[in-house]
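Here is the structure we will look at.
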């Protein structure tokens, strides 16, 4: 069987057929964890998938599949799992229509007990429904009982069998004369439960739409560039180093580097950003993004499981399979729920038949109704469906949630630590000011001299100066006698004059008087900017100021975090004076300067020592220890290296506002989970007494078949409530 095993890490993801309720999930996880070679087993009811972490030296994927089969379920390839969901939806619909068609004649003639022909027809129709549409519940119940557990199938099989076989015995007179026959109960019960399963499958499909759309993005074909020309081939045969041709409107088939041409590329599937990005020679592109205009040749650098799309799909699947801490509550409840329901059903019968001296049929119907209404499906779906929708919303905004539990934890953050460089700021210096020494100096000529001297330097400030000149449409000139001294600056000859470009030490050493710009230089330095002086011959002609500028959304993001009640603290390795200026500009509550990477982790621990839930936002490389230490690590600007990021959440764009959006999504998701669990429990707390007849004196009595319908719709309502989470996307 082809699945998604990783023999190096011992991780395996696969689809599972046959999951029906929370008890199924608990049983399969327990069965898998019986092996000492398996350290983690997570089964997701909503997506019908499983994730297993194991020791490959002791266990193979085949052994794991054998265990799943022994537990009564069928392991399938993940791609087959997607198809299996579609097949299951069609199967549920067909079985519901069959059960309904067979049940309606029984229901319409249920009052005609004197006509033998009608009763025979009802018997045949009820038998057909019981052992065709209802056969799946017998299979599931038998498998569950074989493994010494009880799931939803046990309850449904018991309820429908009790109604059917009682009616069968009454029909043949085995229970005495005048005994009531109610074949409609078992037949309609199966029809309604099948309806619920069909609606549930449809709703669950909508909950997982984000992942489905992602899987459909990959290009099927590619134009391979060969010595003979372009050749259309399946994208799957492209290998690293191959060159493919991409025209306007084409989906880029591979991750690679532009080697010829260029054009705008729609990267919204990666970043959530709708504006196309211009790609030129030497720049990277990602497979499944779309060329908007232009023609380019791309050399493949990543294929198969290493592509960005594959990494994202893997992340999303793992996140949707991961269990949030609140899920443990539902798991604990479902573990004892079915046995308790069976006891309640038996107790209901005893009370009505013995204590209240009711007739057998009344007590029997109340007992069956209790069994049917109390199936724990809704609790099993409460958490995973909300996480599926929440992670899908995040994905649409370029926010990758690597663990489902992160959505719950991020909603509880009390303090967020923010790395400065690359998180709050752009991470590279930019020229902010260009000040001529007097009005007689042309600013454009000053910038031309600066760019000419800096053109051959690799220093970040030099590159920033050249970039500023290029943006002003000023080209560096031809110079000679270039000399660069570390810690001082550059000297060269240009247009018959000796240029000096560097710091105050270079100027003082060369006898250049800085007094004319002393006041302005002091102002710029106080603002935390780095200065580069420009002198021609023996005279000062101007000064350029450089700074690592704040990203446009940083201050707004910090303001929103404060409004959400989250404390913010900036951490940086810069000097205190620079850090103080940036902290004031961005508006953080506090900051720590001159911090080494190892110290960042200690700061996280200090806040945790105060009992606070800590989040850390960084670039995912030098901030890795702190990201790993925090309850939630948020790696910003993940790019194409997302698989190596240390964060629990990866922001594909260099925008801190996405961290705010991630927190909002997490809070909304947790709220939906709590709503789902509340309504699932409230439904059972209210439904079981109603089914047991506690309100019969007020005329409130629930028939078994309608209890089955109510049970089915409780699961559907939980899934639909999760889907309503999509409204949050409009508020981001």
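None of the figures in this text is laboratory data; all of them are computed from the coordinates on show. Please read these numbers as outputs of a predicted model, since none were measured by experiment. Note: ideal-geometry Cβ built from the backbone for every residue, glycine included; neighbour counts use all protein chains shown.
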Regarding region 141-186, what whole-number volume in Å³ per residue does the convex hull of its Cα atoms give?
70 Å³
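Hey, what number do you get for the chain at 222 nm if only DSSP H runs of n ≥ 4 count, each worth -39500 (n - 2.57), divided across all residues, to the nearest 500?
On the way: 24 runs with 349 residues, N = 732.
Dividing the helical sum by the residues of the chain leaves -15500 deg cm²/dmol.
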In degrees, nearest 10, range 0 to 90: what is the angle between the Cα axis of helix 460-471 and the longest Cα principal axis of the chain?
90 degrees
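For region 523-673, what does the alpha-carbon gyration tensor say about shape, rounded, prolate or oblate, given a ≥ b ≥ c as the root eigenvalues, a/c under 1.5 as rounded, and a/b over b/c as prolate?
Working: a/c = 2.07, a/b = 2.02, b/c = 1.02.
Prolate.
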Round to the nearest 10 and give me the degree value, 0 to 90, for the angle of helix 78-108's Cα axis relative to the longest principal axis of the chain.
30 degrees
Take the Cα gyration tensor of region 608-732, multiply each eigenvalue by 5, square-root it, and list the three semi-axes largest first, rounded to whole angstrom.
46, 16, 11
Obtain the radius of gyration and the Kirkwood radius of region 402-549 from its C-alpha atoms and give Rg over Rh.
1.15
I want to check the label-to-label distance for residue 104 and residue 562. Put each point 7 Å from Cα in the C-beta direction and report it in nm to one decimal.
6.5 nm
Whole Å is fine, so just give me how far the alpha carbon centre of region 412-478 lies from that of region 376-402.
44 Å
With an 8 Å cut-off on Cα pairs and a minimum separation of 6 or more residues, tell me the relative contact order of the chain in percent.
14 percent
Any idea how far apart residue 62 and residue 329 come out in nm if each label point goes 7 Å out from Cα toward Cβ?
4.5 nm
Using alpha-carbon pairs under 8 Å, 6+ residues apart, how would you state the relative contact order of region 4-76 in percent?
39 percent
I need the calculated FRET efficiency for the pair residue 481 and residue 283, taking r as the beta carbon distance and R₀ as 45 Å, to the nearest 0.05.
0.80
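Once the Cβ-Cβ distance between residue 39 and residue 473 is put in as r, and R0 is 60 Å, what FRET efficiency do you end up with, to the nearest 0.05? Mind showing how you got there, number by number?
Working: r = 60 Å, r/R0 = 1.01.
Using R0 = 60 Å, I get an efficiency of 0.50.
Stick to Cα atoms and the Kirkwood definition of Rh, then tell me Rg/Rh for region 4-76.
Numbers: Rg = 11.0 Å, Rh = 11.9 Å.
With Rh from the inverse mean 1/r over Cα pairs, Rg/Rh is 0.93.
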Once Rh for region 364-414 is found with the Kirkwood sum over Cα pairs, what is the Stokes-Einstein diffusion coefficient at 4 °C and 1.567 mPa s, in µm²/s?
96 µm²/s
Measure of size requested: the Rg and Dmax of region 646-685, with Cα atoms as the atom set and Å as the unit; please supply both.
15.0, 48
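Across every pair of different alpha-carbon atoms, what Kirkwood hydrodynamic radius in Å does region 219-302 reach?
On the way: mean 1/r = 0.0809 Å⁻¹.
It works out to 12.4 Å.
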Could you compute Rg(Cα) / (2.2 N^0.38 Å) for region 397-438, with N its residue count?
2.06
Hey, rough spin-label estimate for residue 503 and residue 456, points 7 angstrom out along Cα→Cβ, what's it come to in nanometres?
2.3 nm
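Restricting things to alpha carbons, find the Rg to Rh ratio for the chain using the Kirkwood radius for Rh.
Values: Rg = 34.1 Å, Rh = 30.2 Å.
Reported Rg/Rh (Cα atoms, Kirkwood Rh): 1.13.
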Between residue 577 and residue 361, what FRET efficiency follows from the Cβ-Cβ distance if R0 is 56 Å, with the result rounded to 0.05?
0.05
